[in-house]
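S.K.: Here you go, one structure.
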Amino acid sequence: MGSDSASHGSVVLGVDSSTQSTKVLAVDVETGAVLASGQARHTVSAGAGRETDPEEWWSALQSALGRLGPWAGRAEAVSVGGQQHGLVVLDAQGRPVRPALLWNDVRSAPQAAALVDTYGAEHWAQRFGSVPGASFTVSKWAWLAEHEPEAAAAARAVRLPHDFLTERLSGAAVTDRGDASGTGWWRSDTERYDEALLAAIGLAPDLLPTVLGPGEQAGTVRDGLPLRAGALVAAGTGDNAAAALGLGLTPGRAALSLGTSGTVYAVSRQRPADASGVVAGFAAAAGGWLPLACTLNCTLAVDKVAALLGRDREDVEPGGSIAFLPFLDGERTPNLPYASGLLTGLRHDTTAGQVLQGAYDGAVYALLGALDQVLAVDGEAPSDEPLLLIGGGARGAAWLETVRRLSGRAVQVPEAGELVALGAAVQAAAALTGEDAVAIAHRWSTTSGPVHPPLPLDTPTLTRLAATLPLASA
């Protein structure tokens, strides 16, 4: 359907299937107005691993769609943005063989290290754009093959979280280049699966979905769902690539996302190939590349510290001499999968509020440490536009002030919420109308929001954290 009909009240749906919940937005194609929203939560296992039954995602999606009222039946296109890296193993009937291994399950750290040792970091960076860590799907498959070989042998299809939901909606076994680039078996230099690597890790290529290019469609909605049968299903993508679409990012402008994980990313023209492993060379959903650095410990780690201290999350105090690295779940950036939280510099006059502020400082420091490397991929001066601050933490005063104080940069907080779901809606609208996705995001004014001027750079805190970081890897 063309853009003429889109200007007469066309509606699209954007889905964000995240670690904790599934959210759906019904969005007006012309204006970007959010007409309705729905949400349903999932559970994540505790203990050594981080797992969720994919059927929970499917049930949550249907529940969230049911909360949209009549808009679900009116939607002409839908797209799914999903948490990256997760390993979904299905049987011949499309049912999960076991719960999905999620991105933040670090049990696969030894397998990641073995893969890097076998081929070398430079090999991974040049061929795949990223050096795999514990979060990458290739590491999780290697863990499964080693620890649960019967589950690996039972696999008749291997999917990412967003692929699983797209296939349930449309019946199509597809993924997109944005999410495929986080697997560790999709080559960014050729934009194809690496069959030699797949053979080495015992994964048959025919178990994997077809990789769609920018703007390609997965198919149409099947009968019997709480959506209009025949509505377009876009390719979908990973959550960070979806958020970049939602922001309409152009080269040189960076976003910092504060959520369960913390991320910094920008769109680049050049293909990233960082052998240090700090910058992951993901593909952007609309074309080009999405250099990104991700931390495991962000808002949940700080909230845990606040709970331990018995304080409200905003109840921070300035000053003091502590340095706190809140690596409570191990860490991805820097690559310290076996790390734990590290607190130094306590004195008799240290207050609980200063300890809590230290947790904020440590979480933000880990992200800002990678920001310059993300922006350096194109080898050009970064945009002088403000740093975009998104995610749940962007609404918190303590997070905002910490980012401004440790970055020394102006910060803009978009008023638009649920940017992953909104970015998925942008992708759905582009599939429906044939328009450029970035142009749609700009028409919707998705970055509109207050700009906060920079604060003086807090050099003493940065110096303390820089001196403490080597202790975390000791």
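The values are calculated or read from the model by the stated rules, or taken from the named source; none is laboratory data. A quick note: this is a predicted structure, and the numbers were derived from the prediction, not measured. Note that each Cβ is placed from the backbone with ideal geometry, even for glycine, and that neighbours are counted across all protein chains shown. Ligands, DNA and RNA are stripped out before the accessible areas are found, and what is left, the full protein with its side chains, is counted by its heavy atoms. Shrake-Rupley method; radii C 1.70, N 1.55, O 1.52, S 1.80 Å.
S.K.: If you go through the stretch 279-317 one residue at a time, how many are over 14 Å from the mean Cα position of the chain (by Cα) and small (G, A, S)?
M.R.: So the count comes out to 7.
S.K.: Are any residues in the stretch 86-105 modelled with pLDDT under 95 and open to solvent by 10 Å² or more (accessible area, probe 1.4 Å), and if so, which ones?
M.R.: We begin by selecting, within the stretch 86-105, every residue modelled with pLDDT under 95; these are 103-105.
Hits for the stretch 86-105 are W103, N104.
S.K.: Taking D315 and the conditions (1) open to solvent by 20 Å² or more (accessible area, probe 1.4 Å); (2) within 30 Å of R271 (Cβ to Cβ), which numbered condition does it fall short on, given that it satisfies the others?
M.R.: Of the numbered conditions (1) open to solvent by 20 Å² or more (accessible area, probe 1.4 Å); (2) within 30 Å of R271 (Cβ to Cβ), the odd one out for D315 is (2).
S.K.: Which pairs turn up if I take residues in the stretch 307-320 that are closer than 13 Å to T402 by Cα and acidic (D, E) and look for partners that are in a loop (DSSP other than H, G, I, E, B) and modelled with pLDDT of 95 or more with beta carbon separation below 6 Å, at least 6 apart in sequence or on another chain?
M.R.: That search, which allows pairs on different chains as well, returns E317/T351.
S.K.: Please enumerate the residues belonging to the stretch 374-384 that are at pLDDT below 90 and under 19 Å from L406 (Cα atoms).
M.R.: Result: P382, S383, D384.
S.K.: For the stretch 10-43, which positions are out of contact with any Asp or Glu (no Cβ under 7 Å at 6 or more places or on another chain), part of a loop (DSSP other than H, G, I, E, B), over 25 Å from R228 (Cβ atoms) and open to solvent by 30 Å² or more (accessible area, probe 1.4 Å)?
M.R.: Within the stretch 10-43, Q20 is the sole residue that qualifies.
S.K.: Answer with yes or no whether A376 is of a type in the set (A, V, I, L, M) and open to solvent by less than 30 Å² (accessible area, probe 1.4 Å).
M.R.: The answer is no for A376.
S.K.: Going residue by residue through the stretch 82-103, is there one that turns out to be outside any strand (DSSP E or B), of a type in the set (K, R) and touching a strand residue (DSSP E or B) at 6+ places or on another chain (Cβ under 9 Å)?
M.R.: yes
S.K.: Related question: So, of the residues in the stretch 44-80 that are among the polar types (S, T, N, Q) and open to solvent by 60 Å² or more (accessible area, probe 1.4 Å), which turns out to be farthest from A218 (Cα to Cα)?
M.R.: S59
S.K.: Just checking, does the stretch 175-184 include any residue being out of contact with any Phe, Trp or Tyr (no Cβ under 8 Å at 6 or more places or on another chain), more than 25 Å from H123 (Cβ to Cβ) and not in a helix (DSSP H, G or I)?
M.R.: Checked the stretch 175-184: no residue is out of contact with any Phe, Trp or Tyr (no Cβ under 8 Å at 6 or more places or on another chain), more than 25 Å from H123 (Cβ to Cβ) and not in a helix (DSSP H, G or I).
S.K.: Filter the stretch 24-55 down to residues that are of a type in the set (G, A, S) and in contact (Cβ under 8 Å) with a residue 40 or more places away in the chain and give me whichever is farthest from T447 (Cα to Cα).
M.R.: Here the residue is A48.
S.K.: Okay, moving on. Considering every residue within the stretch 441-458, establish whether at least one is buried (at least 23 other Cβ atoms within 10 Å of the Cβ), in contact (Cβ under 8 Å) with a residue 24 or more places away in the chain and among the aliphatic types (A, V, I, L, M).
M.R.: Yes, the conditions are met somewhere in the stretch 441-458.
S.K.: Still on this structure, I have one more. Do any strands (runs of 3 or more DSSP E) lying entirely in the stretch 197-286 carry at least 1 residues that are open to solvent by 10 Å² or more (accessible area, probe 1.4 Å) and hydroxyl-bearing (S, T, Y), and which ones are they?
M.R.: Ranges flagged: 210-212, 217-220, 254-258.
S.K.: Mind checking which residues of the stretch 410-429 are open to solvent by 20 Å² or more (accessible area, probe 1.4 Å) and in a strand (DSSP E or B)?
M.R.: Step one: of the stretch 410-429, the residues open to solvent by 20 Å² or more (accessible area, probe 1.4 Å) are 410, 412, 415-418, 420, 427.
Answer for the stretch 410-429, where residues must be open to solvent by 20 Å² or more (accessible area, probe 1.4 Å) and in a strand (DSSP E or B): just Q412.
S.K.: Another question, then. For residues that are assigned to a helix (DSSP H, G or I) and at positive phi, tally how many sit in the stretch 430-474.
M.R.: 0
S.K.: State which residue is farthest from G262 (Cα to Cα) when the search covers only the stretch 321-333 and only residues that are out of contact with any strand residue (DSSP E or B) (no Cβ under 7 Å at 6 or more places or on another chain) and surrounded by fewer than 20 Cβ atoms within 10 Å (Cβ to Cβ).
M.R.: S321
S.K.: Among the residues of the stretch 117-136, which ones are touching a residue at least 40 places away in the same chain (Cβ under 8 Å) and either among the acidic types (D, E) or touching a Cys at 6+ places or on another chain (Cβ under 8 Å) (or both)?
M.R.: E122, S135
S.K.: Separate question: Among the residues of the stretch 357-385, how many are under 21 Å from the mean Cα position of the chain (by Cα), farther than 16 Å from G259 by Cβ and not hydrophobic (A, V, I, L, M, F, W, C)?
M.R.: 5
S.K.: When you check T220 against the structure, is it modelled with pLDDT of 95 or more and of a type in the set (V, I, T), yes or no? Please lay out each step first, then the result.
M.R.: Working: modelled with pLDDT of 95 or more: yes; of a type in the set (V, I, T): yes.
Judged against the criteria, T220 is a match.
S.K.: May I ask you to list the residues in the stretch 381-395 that are farther than 12 Å from V451 by Cα and surrounded by 20 or more Cβ atoms within 10 Å (Cβ to Cβ)?
M.R.: Restricting attention to the stretch 381-395, the residues satisfying the condition of being farther than 12 Å from V451 by Cα are 381-384, 390-395.
I390, G391, G393, A394 - these are the residues of the stretch 381-395 that are farther than 12 Å from V451 by Cα and surrounded by 20 or more Cβ atoms within 10 Å (Cβ to Cβ).
S.K.: Any chance the stretch 342-355 includes a residue that's in contact with a helix residue (DSSP H, G or I) (Cβ under 6 Å, 6 or more places away or on another chain), surrounded by fewer than 22 Cβ atoms within 10 Å (Cβ to Cβ), at pLDDT 95 or above and not hydrophobic (A, V, I, L, M, F, W, C)?
M.R.: The answer is yes, given that some residue of the stretch 342-355 is in contact with a helix residue (DSSP H, G or I) (Cβ under 6 Å, 6 or more places away or on another chain), surrounded by fewer than 22 Cβ atoms within 10 Å (Cβ to Cβ), at pLDDT 95 or above and not hydrophobic (A, V, I, L, M, F, W, C).
S.K.: Could you please let me know if T402 is open to solvent by less than 20 Å² (accessible area, probe 1.4 Å) and part of a loop (DSSP other than H, G, I, E, B)?
M.R.: no
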